[in-house]
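Read through the structure below, which is laid out as structure tokens, and then see the notes.
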């Protein structure tokens, strides 16, 4: 049984307009890629990737996208929220030369991953992309880690101009990576998959989650029936290659298929 | 899987007596597949309604020492999309499928039955007992033997498939409800649905943990209640019973059979022991049969009726 913890918010950082990082003083037993469920008991409980986790605190980085996150954005330091987890699969921890490709609000999970990869002495290159400079986050934090960072924006307002996939394609052609990690919009990952060639990879997926404990079936992915809350959210190449719904559709809260 | 586990349910041969019940991993054809690959012998759809339902806002589940509280709120993609998932499942599988449907009146149950008639489903389950939509629909239908009788009689007249009635444990006398279902034409019974409902409270925020406040109890804590109600029902009727409620081991499953169940539902145990639970229970039943020298599942004795 996973215990529920009701915690007060220790720190709130506004990363950019519409994206905030919430930090809690709590020893969370979590690995990179895993997520927690969070609620304020006012209607809604949502999964959030863990963006940092140390001995005595952890953080989540949240994009304001709906009613629930709008309410979360009004919370102040010391306000209570309730969490359960950590849940789900985690990233493979390589000790070799790795490429991390992330876009938008999905990038923060790579901050936690990078710190753990560094402990394992991996050689890390990170592509941190967003549509515009205003939406680009975590650049300062990644800069402080001992890793190679390439920032990119679609409109060229910050870092290289172009999509993360274009940047990744060039890097993959020029260098030899042992492993690739991706976290970002599904269509970005779908395009990225085509340029990965022989490299082994893991992608972090998003699906509508409700129970987070593998019973309700809302987040299963076709055709294997993998429950993204248990077998995911991080899936390896050999499973991703079998997914028929990847980049095609996902299911909403009723289970109805929604096309990308 | 051991051949010893092979049995029959409503005329269909099944390779394992374990049933994936309504509401567990059954939103998609692939979820059903996953349960089958892990050892389930029969699978059930989510309870389907005429229109799609998003379900309740979260939290919709709460974990506690005895099991789970849930109030999913009958989320489902609606009868048409739900049956499309079932038909897709049946394209590649000969595992029997129970389609569960939920409605609050005879007319809607009849409409749902017409849809199911045209699908590849094997059995029709009438969910008369969801405890988590009280605010919307009031007391579950299965609290009234009259309503249970009326609905089953009406559906029986037009259903091309055998009918299973899913009953609630939260009634004064389950045997009179079960008898009413049987005499109205139910071909089998499925019990128990979740117990209670119950609630849990967050003591720091002074709020019910479930947003719906109340939710049905499942898991190990309800097994003794399930066994008692299945035994009472078995004593009263002559139709087969899908027995469920807190089963998480082979020993639990055998208890269900002895109480009168023909096949056994395994739901919350997927949370307790992982998706591998079906194969684990299959193996544990097989081991028990070997130790006690039962050659086939039907040799496992039932208790003497009440």
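Structure values in brief
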quantity	calculated
Candidates B:196, B:260, filtered to the one that is away from every other protein chain (no Cβ under 13 Å), within 20 Å of the chain's Cα centre (by Cα) and either more than 30 Å from residue B:183 (Cα to Cα) or surrounded by 21 or more Cβ atoms within 10 Å (Cβ to Cβ) (or both)	B:260
Leading residue by the ranking (surrounded by the most Cβ atoms within 10 Å (Cβ to Cβ)) among those in the range B:68-93 that are within 24 Å of residue B:262 (Cα to Cα) and within 20 Å of the chain's Cα centre (by Cα)	B:86
Matching residues, the range A:90-125, being surrounded by fewer than 22 Cβ atoms within 10 Å (Cβ to Cβ) and in a loop (DSSP other than H, G, I, E, B)	A:90, A:92, A:93, A:94, A:95, A:96, A:120, A:121, A:122
Qualifying residue in the range B:35-56 (condition: at pLDDT 95 or above, buried (at least 24 other Cβ atoms within 10 Å of the Cβ) and part of a helix (DSSP H, G or I))	yes
Residue match in the range B:23-31 (condition: within 9 Å of chain A (Cβ to nearest Cβ), surrounded by 18 or more Cβ atoms within 10 Å (Cβ to Cβ) and more than 24 Å from residue B:132 (Cβ to Cβ))	yes
Conditions (1) within 12 Å of chain B (Cβ to nearest Cβ); (2) touching a residue at least 40 places away in the same chain (Cβ under 8 Å); (3) in a loop (DSSP other than H, G, I, E, B); number of the one not met by residue A:43	(2)
Tally of residues being surrounded by 16 or more Cβ atoms within 10 Å (Cβ to Cβ) and over 15 Å from residue B:44 (Cα atoms) across the range B:115-127	1
Test: residue in the range A:185-208 that is within 11 Å of chain B (Cβ to nearest Cβ) and not in a helix (DSSP H, G or I)	yes
Residue in the range A:138-161 that is assigned to a loop (DSSP other than H, G, I, E, B), modelled with pLDDT of 95 or more and either within 14 Å of chain B (Cβ to nearest Cβ) or surrounded by 21 or more Cβ atoms within 10 Å (Cβ to Cβ) (or both) present	yes
Matching residues, the range A:7-30, being surrounded by fewer than 17 Cβ atoms within 10 Å (Cβ to Cβ), part of a strand (DSSP E or B) and within 14 Å of chain B (Cβ to nearest Cβ)	A:8
Top-ranked residue of the range A:219-236 - restricted to ones that are more than 13 Å from chain B (Cβ to nearest Cβ) and part of a strand (DSSP E or B), ranked as nearest to the chain's Cα centre (by Cα)	A:234
Count - residues of the range A:46-62 that are more than 24 Å from residue B:56 (Cβ to Cβ) and either assigned to a strand (DSSP E or B) or in contact with a helix residue (DSSP H, G or I) (Cβ under 7 Å, 6 or more places away or on another chain) (or both)	9
Hits in the range B:57-71 - residues which are assigned to a loop (DSSP other than H, G, I, E, B) and facing chain A (nearest Cβ under 7 Å)	B:57, B:58, B:59, B:60, B:65
The range B:237-257, residues that are over 19 Å from residue B:272 (Cβ atoms), surrounded by 18 or more Cβ atoms within 10 Å (Cβ to Cβ) and more than 14 Å from the chain's Cα centre (by Cα)	B:237, B:239, B:257
The range B:253-288, residues that are in contact with a strand residue (DSSP E or B) (Cβ under 8 Å, 6 or more places away or on another chain), outside any loop (DSSP other than H, G, I, E, B) and over 22 Å from residue A:88 (Cβ atoms)	B:253, B:256, B:257, B:259, B:263, B:264, B:265, B:281, B:282
Unique match (being assigned to a helix (DSSP H, G or I), crowded, with 24+ Cβ neighbours inside 10 Å and more than 14 Å from chain A (Cβ to nearest Cβ)) among B:164, B:177	B:177
Exclusive hit being within 11 Å of chain A (Cβ to nearest Cβ) and farther than 20 Å from residue B:270 by Cβ, set B:84, B:121	B:84
Unique residue being surrounded by 16 or more Cβ atoms within 10 Å (Cβ to Cβ) and not in a helix (DSSP H, G or I) when the list is B:139, B:152, B:98	B:98
Leading residue by the ranking (nearest to the other protein chains (Cβ to nearest Cβ)) among those in the range B:276-285 that are surrounded by 24 or more Cβ atoms within 10 Å (Cβ to Cβ) and farther than 22 Å from residue B:65 by Cβ	B:278
Only one of B:130, B:190 that is in contact with a strand residue (DSSP E or B) (Cβ under 8 Å, 6 or more places away or on another chain) and part of a loop (DSSP other than H, G, I, E, B)	B:130
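The values are calculated or read from the model by the stated rules, or taken from the named source; none is laboratory data. Every value quoted in this text rests on a predicted model; they were computed, and no experiment measured them. All Cβ positions, even for glycine, are placed from backbone atoms using ideal geometry, and neighbour counts span all protein chains on display.
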